[in-house]
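Beneath this line is the structure, given in structure tokens, with notes to follow.
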Amino acid sequence: MLDPDKSSHAGQSLYARLGSYDGIVRFVRELMPRLHSDPKLGVYWKGKSLDSRRRGDKLLTDFLCAAFEGPVEYFGPDMKTAHEGLGITENEWDLTLA
């Protein structure tokens, strides 16, 4: 059985294990175009300008970095406020995570 205390990642934050800021940026840059083009999820970005999408990507990056114990401050809205009124279903949330 694997012993997490003997792992080469023991003591590292999730932020560090994911490759720090650059690793999280890569993740967001790979994730967001897939969500934008998804037939069920893309509706949430329909009509958004490239600038708005980039701002959203930056906010997501900062949120994840802060949530994963990185040295980044997140200045965006809390997740409930940011998604209020969008009517995101449990199924759509599951699709986002798949």
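The values are calculated or read from the model by the stated rules, or taken from the named source; none is laboratory data. Note that the structure is predicted; figures quoted are calculated from it, not measured. A quick note on method: Cβ atoms are made from the backbone with ideal geometry, for glycine too, and the neighbour counts reach across all protein chains shown.
Inside the stretch 48-98, residues that are among the hydroxyl-bearing types (Ser, Thr, Tyr), without any contact (Cβ under 8 Å) to a residue 12 or more places away in the chain and surrounded by 11 or more Cβ atoms within 10 Å (Cβ to Cβ) make up a count of 1.
Scanning the stretch 63-77 for residues being in contact with a Cys (Cβ under 9 Å, 6 or more places away or on another chain) and in a helix (DSSP H, G or I) gives a total of 0. Annotation: of all residues in the stretch 17-33 being in contact (Cβ under 8 Å) with a residue 24 or more places away in the chain and not in a loop (DSSP other than H, G, I, E, B), the one that is surrounded by the most Cβ atoms within 10 Å (Cβ to Cβ) is 24.
When the stretch 42-57 is filtered for residues that are among the aromatic types (Phe, Trp, Tyr) and in a loop (DSSP other than H, G, I, E, B), nothing remains. Exactly one residue out of 31, 41 is within 22 Å of residue 94 (Cβ to Cβ) and either of a type in the set (Phe, Trp, Tyr) or in contact with a helix residue (DSSP H, G or I) (Cβ under 7 Å, 6 or more places away or on another chain) (or both): that is 41.
Just for the stretch 1-16: of the residues that are among the small types (Gly, Ala, Ser), at pLDDT below 95 and surrounded by 10 or more Cβ atoms within 10 Å (Cβ to Cβ), which one is nearest to residue 83 (Cα to Cα)?
13
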